[in-house]
Amino acid sequence: MPKLSYFRIALIALICLSALWFASPNFFYSSVDKKLNDPNQTSLWPDFMPSTLIKLGLDLRGGVYMLLEVKTNDVMREKFDFLWADIRRSLVKKRKEIGSIRRIDSSGDQLEIQIGKQENIDFAIKEIEKFNSSTELFSSRWSGSVTREILEISSFENIISITFSDEQRTALEKQVIDQSLEIIRRRVDETGTREPTIQKQGRKRVLVQVPGLGSSEELIALLGKTAKLTFNEVISIDTSSNFPAKIDEVVVGSEENKDLFFLLKKRPVVSGNNLTNAQPSFDENGLPAVSFNFNPSAALKFGNYTRDNIGSPFAIVLDDVVISAPTIRSHIPGGSGIITGNFSVEESNRLAILLRSGALPAEIEVLELRTIGPELGRDSINAGKFAAIVGGILVLVFMWLSYGLFGIFANVALILNIILVMALLSIIGATLTLPGIAGIVLTIGMAVDANVLVFERIKEEIKNNSSIYNAIKVGYEKALSSIVDANVTTMIAAIILFFFGSGPIKGFSVTLGLGIITSVFTALLITRLFIDLYMLFYKPKVLRV
């Protein structure tokens, strides 16, 4: 007589009910999807019910596919620009010993400095060595870990060459890519778009997939801008760009007036990195604008500057273009302000999103852009549903005809198996692709394999004149090793596909791996529980399998 544990029954029942609870939103996908997009539609789906849906990939839902490349060389060039300004300031004080100082233009991969007195080049190198462990080199635009000995310094005749060490260059590229990934994710999330896929590809590329987005224009507008915001001191304004700019100054054009140019201090007073919030708003004339707040340290700098420069213009620069140059009318001590310009409501909303998410550390280039229509996805879903339903019905009929009542037990376990897979996909947030549907259909076929092995073993024991209870016990014990071996080898294949595959291959491996786990659970625990309950309550004299 089988022994049943109340704990075992309660645990299996709890797992199955939890799976049905978490999988339930997917049976009412349209209602839950509308509720998520419009929370005011409270009648569509109860608030107390879970609302996590299985994510649908581009091949099922349609959307925008974008492959981007991060121009990390721009960051290197900017670092050398700031480094040159600091080194020049230091070497000018030693002009008597080293003579003239001049930067030689290069590709941006290195900084080359020519000095007048070649015999004192070692003296100049010692001065430059002081910057080798300086954190100031990493203080502009973004923050990251700093390693010592970040520069490699060499010389030839009267020219000093400065480059990043290989380790530092690799670390710098990695930090730029990682920050770009995070900022791109924030920008996409800020639009309210759900379930994006944003991942690194290769050394400098980023893949962005946004299901359900019908147009790529908004995504390009958000991701195509670096959104480097700075607040700079204005030296002078002219209709000509031929300013006699010094090394620490820069000439920037105006967005509103293409014939107007500003001579600005290159180092900003404060930057967009110091913002804590930015929201679309309206100015005193009722025109669209963006209000902002600084963190405490930037608020102090901003307040001190406005106090000392009342009556002077103050340039707000976005991606090397002056978008606004208001005159400072009074002291602004609170660290808040408003950006005005020739904005539409949509542009002010977009600018606020860009400022909240932060500036990209480097410019990005769109290498590939595709808009995928949802029609293919709808057809794929329908075809997948049809294949799953037909395959499921055939399996159910086969098990019923082959094993009778035990086949019905296996069929109920199979239905619970699919519900478990759906619940796990919803919980872990995996993206379901067309190959993923193929993995689910394959799971339906594989799910009964374990039951077939057990039932055939039970048949053999009955033919050997074993008792009913002993036949069931031995059948499960002898089939266990075969079930474990078969599923472990398949799981290894699924794991390899997941880590070494990409895109659709990963989608297939996820559903296959989850299907293996749930199949073993339903075959060894749920079907066995049904059989034990049947034996306990009906006590059959003859067992027909």
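Descriptive notes on the structure:
- Pairwise label distance in nanometres, residue 382 with residue 17, each label 7 Å out on the Cα-Cβ vector: 3.9
- The simple spin-label model puts a point 7 Å past each Cα toward its Cβ; for residue 201 and residue 44 those points are separated by 3.2 nm.
- Check: segment 228-345 dipole with +1 on Lys, Arg Cβ and -1 on Asp, Glu Cβ, in debye: 380
- For segment 228-345: relative contact order, % (alpha-carbon pairs under 8 angstrom, 6 or more apart): 29
- The C-alpha atoms of the chain define a longest principal axis, and helix 166-190 lies at about 70 degrees to it.
- Here the accessible area of the chain is 57 percent carbon and sulfur, with a 1.4 angstrom probe and all protein chains present.
- Per-pair calculated FRET efficiency, R0 = 41 Å: residue 189 and residue 499 via Cβ, rounded to 0.05: 0.95
- Note on residue 266: accessible area approximately 80 square angstrom, rounded to 10, probe 1.4 Å, nucleic acids and ligands left out.
- A Cβ-based charge dipole, computed about the Cα centre of segment 331-489 with Lys and Arg at +1 and Asp and Glu at -1, lands at about 540 debye.
- Among 29, 469, 403, 65, the sequence by solvent-accessible area, most first, with a 1.4 Å probe is 469, 29, 65, 403.
- Neighbour count of at most 13 Cβ within 10 Å plus DSSP loop: longest GluC sites (Glu not before Pro)-free window in the chain: 285-545
- Positive-end extreme of charge dipole, the chain - chosen from 90, 413, 18 (charges on Cβ): 413
- In a fully extended conformation the segment linking residue 181 and residue 331 would gain 50.2 nm over its present Cα-Cα distance, using 0.36 nm per residue.
- The chain, dipole about Cα centre (Lys/Arg Cβ +1, Asp/Glu Cβ -1), debye to the nearest 20: 1860
- Derived scalar couplings ³J(HN,Hα) [segment 46-57; Karplus, 6.51 cos²θ - 1.76 cosθ + 1.60; whole Hz; x for Gly, Pro]: x, 5, 6, 7, x, 10, 8, 9, 5, 6, 9, x
- Sites residue 468 and residue 442, calculated FRET efficiency, Cβ-Cβ separation with R0 25 Å, nearest 0.05: 0.15
- Helix 6-23 and the longest principal axis of the C-alpha atoms of the chain enclose an angle of approximately 50°.
- Relative contact order [Cα under 8 Å, 6+ residues apart], the chain, whole percent: 18
- Label sites at residue 161 and residue 397, each approximated as a point 7 angstrom past Cα along Cα to Cβ, lie 7.7 nm apart.
- With Cα atoms, 0 to 90° folded angle of helix 504-521 axis to the chain main axis: 40
- For residue 279 and residue 169, the difference between the fully extended length at 0.36 nm per residue and the C-alpha to C-alpha distance is 36.0 nm.
- Ordering 220, 121, 427 by accessible surface, largest first, gives 427, 220, 121; the 1.4 Å probe counts only protein heavy atoms, with every chain in place.
- Multiplying the residue separation of residue 312 and residue 3 by 0.36 nm and removing their Cα-Cα distance gives an extension gain of 102.4 nm.
- Gyration tensor (alpha-carbon) shape descriptor, segment 228-345, a/c threshold 1.5: oblate
- When the charge dipole of the chain is built from unit charges on Cβ atoms (+1 for Lys and Arg, -1 for Asp and Glu) and taken about the Cα centre, the candidate among 358, 273, 487 whose Cα reaches farthest toward its positive end is 487.
- Over 30 Å between alpha carbons, listed pairs 385/478; 225/265; 200/228: 385/478
- Entry comment: accessible area of segment 374-538 is 48 Å² per residue, from protein heavy atoms only and a probe of 1.4 Å.
- Helix-only CD estimate at 222 nm, as mean residue ellipticity for the chain, using -39500 (n - 2.57) per DSSP H run (n ≥ 4): -16500 deg cm²/dmol
The values are calculated or read from the model by the stated rules, or taken from the named source; none is laboratory data. Treat the numbers as computed from the prediction; the structure is a model and nothing was measured. Every residue, glycine among them, receives a Cβ derived from its backbone with ideal geometry; neighbour counts consider all protein chains shown. Accessible surface is based on the protein model in full, side chains and every heavy atom, while ligands, DNA and RNA are left aside. Shrake-Rupley method; radii C 1.70, N 1.55, O 1.52, S 1.80 Å.
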